[in-house]
Amino acid sequence: MEVKTSKKRVQGYESLIATLGVEPQVVTITLDCLLAKGRPVDEVIVVYTENPGVRRAMDIVACEFAAQHYPDIKLRPVPVTSPGGLTEDFYGPEDLRALLRTLYSVVRRTRQEGRIVHLCLSGGRKVMGIMAMVVAQLLFGPEDCAWHLVTEGWQPGSERRLHLPAGEKVWLVPVPVLRWQEAGTLMGMVAELDDPAEVVAWHTRLTRVAEEKRKDEFIRHWLTPAEREAVRLACRGLDNATIAINLGKQEQTIANQLRSVYEKLREWLGYPESSVDRSVLIANFAPYFADREGKT
């Protein structure tokens, strides 16, 4: 199942979605690791229950944001909610359905906004990580990531540290996600491979090749040669005036060509609700041109 996203991504804004238990540092340390990797996370969504211990952990996380430890990042707490009200813990099927609905809604909304999703699976009850992985399989795109947090020497009851000092050993381990939109092809290949790591590697290659092939088709067959040249230079970050000088054309001609490209791109993306503009074009095709120019 592929989720149609708005793709209106301003220089690749990204969201961390984390499940929460009684250890608030899972959220803050995961966020610190992502920021250290240079990921432009500007939103943190924390999925939590009304368990008293979890509520205290949620309050601690909220205090970190209120104290402006992350001044440019928005915190959005999301309680697990069922038709009967807020969920305290997972005692039966209705509680689990509420968890699945909440996680699905959060990830789906984030994907529809065109954001890259970072999903931390390490916080809260084990069932929260399991349900989060189910949602990732249903909704994730190729750029989205699921993560497992590991800190050296930590165990329940250890001294709580919301932020680790420099040199402290911590690992943010990527968890492979096999997306169900390729389920038919995947199941056929699984039957042929003995090692699950080979299945994951094959799936990753397949997804990357399919996406590159689709982009190549758009550039080569949807655009005119003149539009292709304008797009190539736009994806380098050049403005219309500079593109016009490079191609020996009028600036208005370039503007008209790019307007035509945006209309074609809107159709190619499945008519998203939000507008398709230059930022969307660059987000989708700057890596495409950079890869090809790097090979020449």
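Loop-only check: which GluC sites (Glu not before Pro) in segment 212-296 are DSSP coil with at most 16 other Cβ within 10 angstrom?
In loop regions of segment 212-296 (DSSP not H, G, I, E or B), the sparsely surrounded GluC sites (Glu not before Pro) are 273.
Less than 11 Å Cβ to Cβ from residue 83, Lys/Arg counted +1 and Asp/Glu -1: what total charge do the surrounding residues give?
Result for the neighbourhood of residue 83: +1.
Within segment 58-107, list the chymotrypsin sites (Phe, Trp or Tyr not before Pro) lying in a DSSP loop whose Cβ has at most 12 other Cβ atoms in a 10 Å radius.
Counting only loop positions with at most 12 other Cβ atoms within 10 Å, the chymotrypsin sites (Phe, Trp or Tyr not before Pro) in segment 58-107 are 91.
Where both partners of a DSSP beta bridge lie in segment 14-177, what percent of those bridges are antiparallel, to the nearest 5?
Just about 30 percent of them are antiparallel.
Can you compute the modelled spin-label distance between residue 72 and residue 293, with each label point 7 Å from Cα toward Cβ, in nm?
2.5
Going 7 Å from the Cα of residue 137 along its beta-carbon direction, which residues of segment 85-129 have the amide nitrogen within less than 15 Å of the resulting point?
100, 104, 127-129
Read-outs throughout are calculated quantities, based only on the coordinates presented, and are distinct from any laboratory measurement. In this text, all values refer to a predicted model and were calculated from it rather than measured experimentally. FYI the Cβ positions are ideal-geometry reconstructions off the backbone, even for glycines, and counts take in every protein chain you see.
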